[in-house]
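The block underneath contains the structure these notes are about, expressed in structure tokens.
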Amino acid sequence: MPSILLYGEPGIGKTSLAYAIAGSADLPFAALNATSAGKKDIENLIEEANFQGQILLFLDEIHRFNKLQQDTLLPHVESGKIILIGATTENPFHAVNPAIRSRCGEIKQLKRLTIHDVETLLTKALHDTKRGLGREQIIITESQIHQIALASNGDGRKALTLLESVFYASDEEDGKTLFKDETIAQLAERIGVYGDKKGDQFYNLLSALQKSVRGSDVDAALYYLAMCLENGDLVAVNRRLLVMSFEDIGLAVPEVGAHVLAAVQAAERLGLPEARIPLAHAVIEMCLSEKSNSAISAIDRAIEKIHTTQTGDIPMHLRDAHYAGAKTLGVEGYEYPHNTPIGTFGGWVNQQYLPDNVKDETFYKPVIAGQEKRLASIHEHLHALKNQKTK
């Protein structure tokens with residue numbers, strides 16, 4: 001079998017799948033957890049692989065290994081002496097060295113368990129007399145099993161932990177443990193919150209928040225805002241909301257930028273949980289505002305042009321002329337727009353501002369939305385004037 005990487009959220013079966021593979025492979029098997037394994041463990045493993053000829057290694061939380069630790073395994077994975085099953089909750093394209101990734105035959109992304117999967121798991125645990133609660137006298141309804149499965153949010157480990165917690169928190173009646181709905185509800189609080197401030201899931205939440213606002217879905221945006229705030233990184237949420245106000249709403253409703261800035265500043269002063277109130281205002285307003293990405297698109301076109309085209313010389317008449325020898329160097333000819341007669345568009349004069357090699361480029365392309373309609377008409381008018389004068 002080839003080396004593989006198993007990627008997915010906690011409690012969805014990465015470890016179980018690795019042990020199932022190990023059980024069906026006719027190879028010596030070793031398991032390490034990168035959160036606790038050290039250099040000595042790796043050396044012992046390599047020594048064992050050299051002795052056995054080949055070894056199957058399950059490395060849980062592989063993203064916790066630093067680059068040096070991962071590189072230590074690399075030649076042995078490459079030679080085939082170590083067949084690696086790496087498990088990670090972080091995106092392997094971010095957290096695992098490219099060299100390790102390239103030696104793995106497959107990167108398998110596992111999905112959360114379905115409600116039916118978790119109900120099946122809970123039912124087995126209730127009947128398992130060796131490792132479950134099968135020896136206990138328990139009164140539990142199908143509805144309560146469903147309630148626990150629903151609260152686990154697709155995490156099998158959480159489901160089993162919650163089942164056990166409810167069992168120990170429940171009262172006995174006539175020698176039987178009676179599960180109650182209120183006990184399940186009380187213990188299941190916050191069970192749907194998953195992710196840490198620096199993990200992939202949190203950045204996925206921020207991404208989902210921005211895309212929901214961009215798509216004008218108020219309910220989805222508020223849902224992802226709530227998830228982000230429950231993870232507790234107010235600074236990251238504030239930063240993303242402020243960026244969104246200029247990136248996605250932009251010139252269509254330019255005052256939204258100032259409104260979001262005020263909401264972010266209020267949130268910083270208030271702190272959580274009160275910070276959720278001004279941020280909810282900001283998210284709702286952005287969702288229901290007209291959208292324009294013309295500003296970010298324009299600056300990105302300009303940046304791309306700088307990276308892909310030889311940088312042109314600034315026209316002589318635009319260069320700094322505040323020194324005695326400027327005219328000697330040819331720095332002259334600038335026409336001051338404020339001194340020109342006021343015509344159809346204020347004080348405007350037709351002169352070249354871009355370098356010669358990009359003088360005909362157009363970076364700003366207006367979006368006809370909201371208040372940008374007015375800017376678009378001015379932009380079109382100025383282009384017409386410029387072309388007319390040029391002819």
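The values are calculated or read from the model by the stated rules, or taken from the named source; none is laboratory data. Please read these numbers as outputs of a predicted model, since none were measured by experiment. Quick reminder, even Gly has a Cβ in these numbers, built from the backbone with ideal geometry, and neighbours come from all protein chains shown.
Given the residues Leu73, Leu122, Leu133, Leu126, which is the only one that is hydrophobic (A, V, I, L, M, F, W, C), closer than 23 Å to Tyr19 by Cβ, without any contact (Cβ under 8 Å) to a residue 40 or more places away in the chain and surrounded by 20 or more Cβ atoms within 10 Å (Cβ to Cβ)? Outline the logic, then answer.
Numbers: Leu122 fails: without any contact (Cβ under 8 Å) to a residue 40 or more places away in the chain; Leu133 fails: surrounded by 20 or more Cβ atoms within 10 Å (Cβ to Cβ); Leu126 fails: surrounded by 20 or more Cβ atoms within 10 Å (Cβ to Cβ).
Selected residue: Leu73, the only one of Leu73, Leu122, Leu133, Leu126 that is hydrophobic (A, V, I, L, M, F, W, C), closer than 23 Å to Tyr19 by Cβ, without any contact (Cβ under 8 Å) to a residue 40 or more places away in the chain and surrounded by 20 or more Cβ atoms within 10 Å (Cβ to Cβ).
Any residue in region 304-328 that is of a type in the set (Val, Ile, Thr) sitting within a Cβ distance under 7 Å of a residue that is in a helix (DSSP H, G or I)? List the pairs, counting only those 6 or more apart or interchain.
Filtered contacts from region 304-328: Thr309/Asn357; Thr309/Val358.
Tell me which residues, restricted to region 244-267, are hydrophobic (A, V, I, L, M, F, W, C) and free of Cβ contacts under 8 Å to residues at least 24 places away in the same chain. Break it down stepwise before answering.
Looking only at region 244-267, we keep the residues that are hydrophobic (A, V, I, L, M, F, W, C), and these are 244, 246, 249, 251-253, 256, 258, 260-264, 266-267.
Those that are hydrophobic (A, V, I, L, M, F, W, C) and free of Cβ contacts under 8 Å to residues at least 24 places away in the same chain: Ala258, Leu261, Ala262, Ala263, Ala266.
Check region 276-293 and report whether any residue there is over 30 Å from Val264 (Cα atoms) and either surrounded by fewer than 15 Cβ atoms within 10 Å (Cβ to Cβ) or among the hydroxyl-bearing types (Ser, Thr, Tyr) (or both). Walk me through it before giving the result.
Of region 276-293, the ones over 30 Å from Val264 (Cα atoms) are none.
No, there is no match, as no residue in region 276-293 is over 30 Å from Val264 (Cα atoms) and either surrounded by fewer than 15 Cβ atoms within 10 Å (Cβ to Cβ) or among the hydroxyl-bearing types (Ser, Thr, Tyr) (or both).
Of the residues Ile299, Ile306, which single one is part of a helix (DSSP H, G or I) and more than 28 Å from Ala369 (Cα to Cα)?
Numbers: Ile299 fails: more than 28 Å from Ala369 (Cα to Cα).
Of Ile299, Ile306, the one residue that is part of a helix (DSSP H, G or I) and more than 28 Å from Ala369 (Cα to Cα) is Ile306.
Against the condition out of contact with any Cys (no Cβ under 6 Å at 6 or more places or on another chain), assigned to a helix (DSSP H, G or I), surrounded by 11 or more Cβ atoms within 10 Å (Cβ to Cβ) and among the β-branched types (Val, Ile, Thr), how does Ile378 come out, does it pass?
Numbers: out of contact with any Cys (no Cβ under 6 Å at 6 or more places or on another chain): yes; assigned to a helix (DSSP H, G or I): yes; surrounded by 11 or more Cβ atoms within 10 Å (Cβ to Cβ): yes; among the β-branched types (Val, Ile, Thr): yes.
Yes; evaluated as a whole, the condition is true for this residue.
Counting just the residues of region 150-191 that are of a type in the set (S, T, N, Q) and outside any helix (DSSP H, G or I), which one comes out surrounded by the most Cβ atoms within 10 Å (Cβ to Cβ)?
We begin by selecting, within region 150-191, every residue of a type in the set (S, T, N, Q); these are 152-153, 161, 165, 170, 177, 183, 186.
Those left that are additionally outside any helix (DSSP H, G or I): 152-153, 170, 177.
Working: Ser152: 27, Asn153: 18, Ser170: 18, Thr177: 18.
Out of the qualifying residues, it is Ser152.
Within region 214-247, take every residue that is of a type in the set (Ser, Thr, Tyr) and surrounded by 19 or more Cβ atoms within 10 Å (Cβ to Cβ) and give me the one that is nearest to the chain's Cα centre (by Cα). Don't jump to the end; show me each part of the working.
Within region 214-247, the subset of a type in the set (Ser, Thr, Tyr) is 216, 223-224, 245.
Now narrow it down to the ones that are surrounded by 19 or more Cβ atoms within 10 Å (Cβ to Cβ): 224, 245.
Details: Tyr224: 12, Ser245: 18 Å.
Step by step, filter region 214-247, then rank; the result is Tyr224.
Looking at Leu45, Leu68, Leu59, which is the one that is surrounded by 17 or more Cβ atoms within 10 Å (Cβ to Cβ) and under 32 Å from the mean Cα position of the chain (by Cα)? Spell out the reasoning first.
Numbers: Leu45 fails: under 32 Å from the mean Cα position of the chain (by Cα); Leu68 fails: surrounded by 17 or more Cβ atoms within 10 Å (Cβ to Cβ).
After applying the criteria, what remains is Leu59.
Please go through region 330-370 and pick out each residue that is in a loop (DSSP other than H, G, I, E, B), modelled with pLDDT of 85 or more and surrounded by 14 or more Cβ atoms within 10 Å (Cβ to Cβ).
Val331, Tyr334, Gln351, Leu354, Pro355, Phe363, Tyr364, Pro366, Val367, Ala369, Gly370
So which of Glu142, Glu106, Glu61, Glu90 is out of contact with any helix residue (DSSP H, G or I) (no Cβ under 7 Å at 6 or more places or on another chain) and in contact (Cβ under 8 Å) with a residue 60 or more places away in the chain?
Glu106
Being in contact with a His (Cβ under 8 Å, 6 or more places away or on another chain), at pLDDT below 85 and not in a loop (DSSP other than H, G, I, E, B), is that true of even one residue in region 49-60? Even if it seems obvious, please write down each step before you answer.
Going residue by residue through region 49-60, those that are in contact with a His (Cβ under 8 Å, 6 or more places away or on another chain) are 49.
With at pLDDT below 85 added as a condition, the list becomes 49.
Now restrict to residues that are not in a loop (DSSP other than H, G, I, E, B): 49.
Among the residues of region 49-60, at least one is in contact with a His (Cβ under 8 Å, 6 or more places away or on another chain), at pLDDT below 85 and not in a loop (DSSP other than H, G, I, E, B), which makes the answer yes.
Scan region 290-320 for residues that are closer than 23 Å to Asn357 by Cβ and in contact with a Phe, Trp or Tyr (Cβ under 8 Å, 6 or more places away or on another chain) and jot them down.
Those that are closer than 23 Å to Asn357 by Cβ and in contact with a Phe, Trp or Tyr (Cβ under 8 Å, 6 or more places away or on another chain): Ala298, Ile299, Arg301, Ala302, Lys305, Pro315, His317, Leu318.
Quick check: is even one residue across region 24-37 assigned to a helix (DSSP H, G or I) and either of a type in the set (Ser, Thr, Tyr) or closer than 24 Å to Gln109 by Cβ (or both)? Even if it seems obvious, please write down each step before you answer.
Step one: list which residues in region 24-37 are assigned to a helix (DSSP H, G or I), which gives 24.
Remaining after also requiring either of a type in the set (Ser, Thr, Tyr) or closer than 24 Å to Gln109 by Cβ (or both): 24.
Yes, region 24-37 contains a residue that is assigned to a helix (DSSP H, G or I) and either of a type in the set (Ser, Thr, Tyr) or closer than 24 Å to Gln109 by Cβ (or both).
Collect the residues in region 225-239 that are in contact with a helix residue (DSSP H, G or I) (Cβ under 7 Å, 6 or more places away or on another chain) and closer than 16 Å to His281 by Cβ, keeping them in residue-number order. Show your work before the answer.
At the first step, the residues of region 225-239 found to be in contact with a helix residue (DSSP H, G or I) (Cβ under 7 Å, 6 or more places away or on another chain) are 225, 227-229, 231, 233-234, 236-238.
Leu225, Cys228, Leu229, Leu234, Val237, Asn238 - these are the residues of region 225-239 that are in contact with a helix residue (DSSP H, G or I) (Cβ under 7 Å, 6 or more places away or on another chain) and closer than 16 Å to His281 by Cβ.
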